[in-house]
Amino acid sequence: MKFLDAHHHFWDIDSNYHPWLCDELQIPFRYGNYDAIRTNYLPIDYADDTVGVEVVGSVHIEAEWNPDDPVGETRWLADITQACNHPVVFVVQARLDQEDIEDVLSAHSVYRQTRGIRQKPLATEQTSPRQRGLPGSMDDPKWRDGYAYLDRFGYSFDLQIPYWHLDQAAELAADFPETTLVINHTGLPSNRNDVGISAWSDAIEKVALQPNVMIKISGLGRINQPWAIESNRGIVLRTLDIFGIDRCMFASNFPVDRLCGDLGTIIQGFREIVTTLPEKKISALFHENAARIYRFNQ
């Protein structure tokens, strides 16, 4: 089975600074304690994890490198990905509300593998009063001014934010229809009770109304629980039903999702969930859609 991995990371914390991985204190994290991944993860490690999977390409997503030097990660990736046995493209780091955002985006464009930007906008707790226009949010005029530059450079935008903020994402996509917006990790359906699943489903239904929104089915681990087909089947099938096959992609989220399962278990689990689909649609989910959305032929 061919697989174009639409979301993974590399890091070398012996040589480079990733605050969340290098600082002594851990940040709040949806999988809980993440000591197990606070170690170097390089192309040789990814090759080991993907033994038995025919990787035909992959998308490296920025890994929260030192925000004072966002282009440093892209420069480093352009060097180390030469060791990969498959083509790799980059979704790189930029803070869209920073003063020199146009210069940062231009500097990333020097690297031919750059395809898009990821920044995690301001998010609030689900139970917090909703406020619009907060600095660093998708409603922030300054943040949106930076977002407006993406189309100029031909960049897509990867969005990682809890599903209760996807109403803002729908408005963003509608206001910037020329920019492809890719929702990360299935919209983070963290609460799996009936109320939580219903709220998540309603949120992704609304954002899916915008035709320039895509979604990556990934990041479905749960704290202190192994990755399992039966706990994720409903989420996967509901996402496919809402977005349609052509706007969905499977991804490993490695090494992060190593916290809940090995890569083979996760990818084969996705394959088992969609086993009744025609092979053409399965191929679209596992490699063809990602190749199109991230412009591997560019």
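The values are calculated or read from the model by the stated rules, or taken from the named source; none is laboratory data. Not measured: the values here are computed from a predicted model. Please note: Cβ atoms are built from the backbone with ideal geometry, for glycine as well, and neighbour counts cover all protein chains shown. Surface accessibility is based on the protein's heavy atoms, side chains included, excluding ligands, DNA and RNA. Shrake-Rupley method; radii C 1.70, N 1.55, O 1.52, S 1.80 Å.
Working only within the stretch 268-283, note down all residues that are surrounded by fewer than 22 Cβ atoms within 10 Å (Cβ to Cβ) and part of a helix (DSSP H, G or I).
Answer for the stretch 268-283, where residues must be surrounded by fewer than 22 Cβ atoms within 10 Å (Cβ to Cβ) and part of a helix (DSSP H, G or I): Gln268, Gly269, Arg271, Glu272, Ile273, Glu279, Lys280, Lys281, Ile282, Ser283.
Tell me, which residue of the stretch 172-227 that is without any contact (Cβ under 8 Å) to a residue 12 or more places away in the chain and assigned to a helix (DSSP H, G or I) is nearest to Gly244 (Cα to Cα)?
The residue in question is Asp202.
Of the numbered conditions (1) of a type in the set (S, T, N, Q); (2) closer than 27 Å to Ala170 by Cβ; (3) in a helix (DSSP H, G or I), Thr265 fails exactly one; give the number of that condition.
(2)
Quick check: is even one residue across the stretch 64-71 closer than 18 Å to Asp262 by Cβ, open to solvent by less than 60 Å² (accessible area, probe 1.4 Å) and of a type outside the set (A, V, I, L, M)? Working first, answer last.
Residues of the stretch 64-71 closer than 18 Å to Asp262 by Cβ: none.
No, the stretch 64-71 contains no residue that is closer than 18 Å to Asp262 by Cβ, open to solvent by less than 60 Å² (accessible area, probe 1.4 Å) and of a type outside the set (A, V, I, L, M).
Would you check if there is a residue in the stretch 24-33 being among the charged types (D, E, K, R), open to solvent by 30 Å² or more (accessible area, probe 1.4 Å) and closer than 30 Å to Gly136 by Cβ?
yes
Looking at (1) closer than 29 Å to Leu122 by Cα; (2) open to solvent by less than 70 Å² (accessible area, probe 1.4 Å); (3) under 18 Å from the mean Cα position of the chain (by Cα), which is the only condition Gly57 fails?
The single condition Gly57 does not satisfy is (1).
Does Leu188 satisfy being at positive phi, open to solvent by 10 Å² or more (accessible area, probe 1.4 Å) and aliphatic (A, V, I, L, M)?
Numbers: at positive phi: yes; open to solvent by 10 Å² or more (accessible area, probe 1.4 Å): yes; aliphatic (A, V, I, L, M): yes.
Criteria met by Leu188.
Considering only the stretch 45-63, state which residues are among the β-branched types (Val, Ile, Thr) and either over 19 Å from Leu259 (Cα atoms) or in a strand (DSSP E or B) (or both).
Across the stretch 45-63, the qualifying residues are Val53, Val55, Val56, Val59, Ile61.
With respect to Gly244, determine if the residue is open to solvent by 10 Å² or more (accessible area, probe 1.4 Å) and modelled with pLDDT of 95 or more.
yes
Results for (1) loosely packed, with under 15 Cβ neighbours inside 10 Å; (2) over 18 Å from the mean Cα position of the chain (by Cα); (3) over 22 Å from Gly32 (Cα atoms), shown as yes or no for each residue.
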site: Ala203; (1), (2), (3): no, no, yes
site: Asn212; (1), (2), (3): no, no, yes
site: Gly219; (1), (2), (3): no, no, no
site: Arg222; (1), (2), (3): no, no, no
site: Pro226; (1), (2), (3): yes, yes, no
site: Val236; (1), (2), (3): no, no, yes
site: Phe250; (1), (2), (3): no, no, yes
site: Pro255; (1), (2), (3): no, no, no
site: Ile266; (1), (2), (3): no, no, no
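Where the second residue is of a type in the set (Gly, Ala, Ser) and surrounded by fewer than 21 Cβ atoms within 10 Å (Cβ to Cβ) and the first is more than 14 Å from Tyr41 (Cα to Cα) and modelled with pLDDT of 95 or more and lies in the stretch 247-266, which pairs have Cβ atoms under 7 Å and are six or more apart or on separate chains?
Hits for this filter: Gly264/Gly52.
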